[in-house]
Amino acid sequence: MNDPLQQDLQLRILTYLDAHPGAGDTIDGVWQWWLGAQAGVPPQKLEALLLQMVAAGLLRAHLLPDGRQVFSR
C-alpha cells in the first residue's frame, strides 16, 4: 500500500480499534464513527481498504443476513 491516504486511514482504523478492542461496524459505521464523516474518503475507496485489511489479516469481516459486512479485529 503506497497511497498516503490509504496508509493514514489504515493507521486511524487500527488506532481506533486499539482504543476500542470490541468494536465492530459496517462500512457506514466505520466511515462515521471510526474515521469521522469529515475523513473525505468515498465509501467505495473505504470498502476497498477494509477488504485489503481483511485480506492482510488485520481485520475480520462478518456477513450479516441483509448482505452488509461488519468489520472488526
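Might you check whether a residue that is part of a helix (DSSP H, G or I) and loosely packed, with under 14 Cβ neighbours inside 10 Å occurs anywhere in the range 55-67?
yes
What are the residue pairs meeting all of these: first residue in the range 61-73, first residue closer than 14 Å to D28 by Cβ and of a type outside the set (G, A, S), second residue modelled with pLDDT of 95 or more and open to solvent by 50 Å² or more (accessible area, probe 1.4 Å), Cβ atoms under 6 Å, and 6 or more apart or on different chains?
Q69/L63; V70/H62
Confirm whether D18 is of a type in the set (D, E), at pLDDT 90 or above, open to solvent by 60 Å² or more (accessible area, probe 1.4 Å) and in a helix (DSSP H, G or I).
yes
From the set of residues in the range 31-53 that are over 24 Å from D66 (Cα atoms) and part of a helix (DSSP H, G or I), which is least open to solvent (accessible area, probe 1.4 Å)?
Checked the range 31-53; the qualifying residue least open to solvent (accessible area, probe 1.4 Å) is A39.
Which pairs do you get when a residue that is within 16 Å of G67 (Cβ to Cβ), found in the range 18-30, comes within reach of a residue that is among the basic types (K, R) and part of a loop (DSSP other than H, G, I, E, B), reach meaning Cβ atoms under 7 angstrom, with the pair 6+ apart or on two chains?
Filtered contacts from the range 18-30: T26/R68.
The values are calculated or read from the model by the stated rules, or taken from the named source; none is laboratory data. From a predicted model like this one, the values you see are computed outputs, not experimental measurements. Cβ coordinates were reconstructed from backbone atoms using ideal geometry, including for glycine residues, and neighbour counts include every protein chain displayed. Ligands, DNA and RNA are stripped out before the accessible areas are found, and what is left, the full protein with its side chains, is counted by its heavy atoms. Shrake-Rupley method; radii C 1.70, N 1.55, O 1.52, S 1.80 Å.
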